[in-house]
Amino acid sequence: MKFRSNFLVRGHHLFFVVVALVFAVLVLWAWENPFLTASQSVQAWYRNSYAGSTNSSVLPNTTKENSEKTYSNSSTKEGTVKDDANSEVKLTDSASTITFNRSKSNQNACSYGNGGWVLDNSRPLYSGFGCKRWLSAMWSCRLTQRTDFSYEKYRWVPKDCELPAFERSAFLKRMQDKTIAFIGDSLGRQQFQSLMCMVTGGEESPEVQDVGKEYGLVKAKGAIRPDGWAYRFPNTNTTILYYWSSSLSDLLPLNTSDPATDVAMHLDRPPAFLRKFLHLFDVLVLNTGHHWNRGKMRQNRWVMYTDGVRSELGNLKEIGIAKNFTVHSIVKWLDSQLPSHPQLKVFFRTISPRHFRNGEWNTGGSCDNTTPLSGGSRVEQNGSSDPVVENAVRGTQVKMLDITALSYLRDEAHKSNYTIKVASSGSDCLHWCLPGIPDTWNEILTAQI
């Protein structure tokens with residue numbers, strides 16, 4: 001009996017030792033497995049803060065009637081609203097100030113997102129009439145029926161940072177022999193067009209060369225437009241380009257011989273364009289956000305893939321977590337590439353806010369306000385109002401271009417229902433009039449380069 005008792009005790013000891021060893025091996029394996037680590041960290045964050053949403057807006061959804069008067073210039077209010085994945089964010093408005101209570105990502109860093117809008121009669125930086133070569137007519141509100149252009153006359157002044165006035169010749173001199181690349185959706189295209197207008201002063205500038213062919217940016221047969229544009233300023237050999245990638249994931253048709261085929265959307269793989277030309281870039285600006293919804297998924301026939309196979313990873317089926325996973329994945333990949341490209345500076349722009357009220361773009365939503373800063377003029381916040389991008393870049397060499405909260409105050413500066421033609425098919429409360437808010441994004445970008 002004594003022998004049997006000793007055997008059982010030793011057996012129990014051996015069992016616990018084996019369990020401990022297996023646990024240690026699993027922990028070390030998970031730590032060294034980058035895909036698993038990224039996936040689990042994103043999913044854990046999602047469960048804690050963003051469970052169950054697919055909406056792409058970070059800031060409050062202004063289509064809800066009870067959130068239309070979130071901010072007041074005469075009293076202090078506190079309300080609870082929903083961000084892009086229905087997490088609660090406390091908003092406080094006092095004396096025309098909006099406050100987003102989030103943890104600070106860097107206590108010592110200058111925050112260009114804190115500050116206020118001030119009237120500046122020297123603006124705009126270029127003419128909406130003159131910048132025809134670079135600016136899409138649909139975004140040049142000077143060409144529409146709109147008669148009020150007071151939105152053009154405001155300048156962003158950071159609270160604790162110096163934001164020098166933009167001077168195009170000085171900018172080109174700083175960017176001599178350099179390439180600036182914007183990769184993202186139509187809001188990224190607006191930022192690209194804004195910078196082209198700013199650098200040329202909105203003038204025709206016939207000396208500027210179209211070098212799209214060098215990057216494969218040519219209009220394919222039957223296409224409405226090319227996948228992007230690239231222009232070079234020969235005097236300084238400065239190239240500014242844009243490439244369309246609304247999801248920042250690699251898209252591959254499943255059947256190249258079938259025009260109606262589904263498209264594999266590789267969430268953990270950067271766009272092929274970025275992988276091919278990264279070594280040529282000196283400044284890279286990324287953005288994504290508003291195409292992560294079921295309507296766009298169906299329209300584009302996107303099918304989510306991870307690790308080369310169709311995704312069956314639980315929460316990754318949810319569009320919200322798939323977007324967040326993709327943002328984290330591309331930031332992690334770029335951070336791993338930066339040691340091999342010491343000349344490169346990478347910025348991830350936070351999401352541009354929407355201002356649809358009383359509906360969505362296809363259900364009668366509108367943004368009819370034309371009074372600047374009717375919801376407040378200042379931003380004071382701890383951290384970014386786009387936690388997805390803020391969390392993704394934390395601890396990496398990728399920098400955040402934080403424009404969400406300051407843009408949220410400018411609901412009067414959208415394209416709205418103004419068109420070149422008399423008839424309007426609805427309001428555009430997503431894109432901005434140019435000249436306009438994206439000019440400020442570029443001023444902040446220039447200061448951060």
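The values are calculated or read from the model by the stated rules, or taken from the named source; none is laboratory data. The structure displayed is predicted, hence computed values, not measured ones. For neighbour counting, all protein chains shown are included, and Cβ atoms are generated from backbone atoms with ideal geometry for every residue, glycine included. SASA here: full protein model, heavy atoms, side chains in, ligands and nucleic acids out. Shrake-Rupley method; radii C 1.70, N 1.55, O 1.52, S 1.80 Å.
Listed values, structure above:
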{"read-out": "Dipole of region 131-266 [Lys/Arg +1, Asp/Glu -1 at C-beta], most positive-end residue of Leu195, Ala181, Ser150", "value": "Ser150"}
{"read-out": "Calculated FRET value between Ala260 and Thr363, using beta carbons and R₀ = 25 Å, to 0.05", "value": "0.35"}
{"read-out": "Mean Cβ neighbour count within 10 Å, used as a protection proxy, ranking 375-385, 140-150, 228-238 highest first", "value": "375-385, 228-238, 140-150"}
{"read-out": "Size of charge dipole - region 207-348 - debye, nearest 20, with Cβ of Lys, Arg +1 and Asp, Glu -1, no other charges", "value": "300"}
{"read-out": "Heavy-atom surface of region 241-314, accessible at 1.4 Å and reported per residue (Å²)", "value": "45"}
{"read-out": "Over 25 Å (Cα to Cα) - which of Lys323/Lys345; Lys221/Lys415; Lys219/Lys296 fall in this group", "value": "Lys221/Lys415"}
{"read-out": "Cleavage-rule hits (trypsin sites (Lys or Arg not before Pro)) in region 147-205: DSSP loop, at most 16 neighbouring Cβ within 10 angstrom", "value": "Lys159"}
{"read-out": "Tensor-based shape of region 115-225 (alpha-carbon gyration tensor, a/c under 1.5 rounded, otherwise prolate or oblate)", "value": "oblate"}
{"read-out": "Heavy-atom surface of region 150-226, accessible at 1.4 Å and reported per residue (Å²)", "value": "50"}
{"read-out": "Point-charge dipole on Cβ atoms (K/R +1, D/E -1) for region 350-449, about Cα centre, debye to 20", "value": "100"}
{"read-out": "For Val309, solvent-accessible area (1.4 Å; no DNA, RNA or ligand), Å²", "value": "80"}
{"read-out": "Simple spin-label estimate for Ser425 and Gln343 in nanometres, 7 Å along Cα-Cβ", "value": "4.3"}
{"read-out": "Inter-centroid distance (Cα atoms) of region 386-418 relative to region 344-382, Å", "value": "9"}
{"read-out": "Portion, in percent, of the accessible area of region 169-216 that falls on carbon or sulfur, probe 1.4 Å", "value": "45"}
{"read-out": "Fraction of accessible area attributable to carbon and sulfur, region 314-398 (%, probe 1.4 Å)", "value": "47"}
{"read-out": "Relative contact order %, region 192-346, counting alpha carbon pairs below 8 Å whose residues are six or more apart", "value": "19"}
{"read-out": "Shape call, region 296-449: gyration tensor on alpha carbons, a/c limit 1.5", "value": "oblate"}
{"read-out": "Ser150-Arg301 FRET efficiency (beta carbon distance; Förster radius 41 Å; 0.05 resolution)", "value": "0.45"}
{"read-out": "Region 315-449, accessible area per residue, ligands and nucleic acids excluded (1.4 Å, Å²)", "value": "33"}
{"read-out": "Segment Cys110-Ile449, length gained on full extension (0.36 nm per residue, minus Cα span)", "value": "120.7 nm"}
{"read-out": "Trp432, Trp302, reordered so the largest accessible area comes first (probe 1.4 Å)", "value": "Trp302, Trp432"}
{"read-out": "Three-way shape call for region 382-447 based on the alpha-carbon gyration tensor, with the a/c threshold at 1.5", "value": "prolate"}
{"read-out": "Efficiency of FRET between Asp335 and His279 - r from beta-carbon atoms, R0 22 angstrom, step 0.05", "value": "0.85"}
{"read-out": "Pairwise label distance in nanometres, Lys213 with Val309, each label 7 Å out on the Cα-Cβ vector", "value": "4.5"}
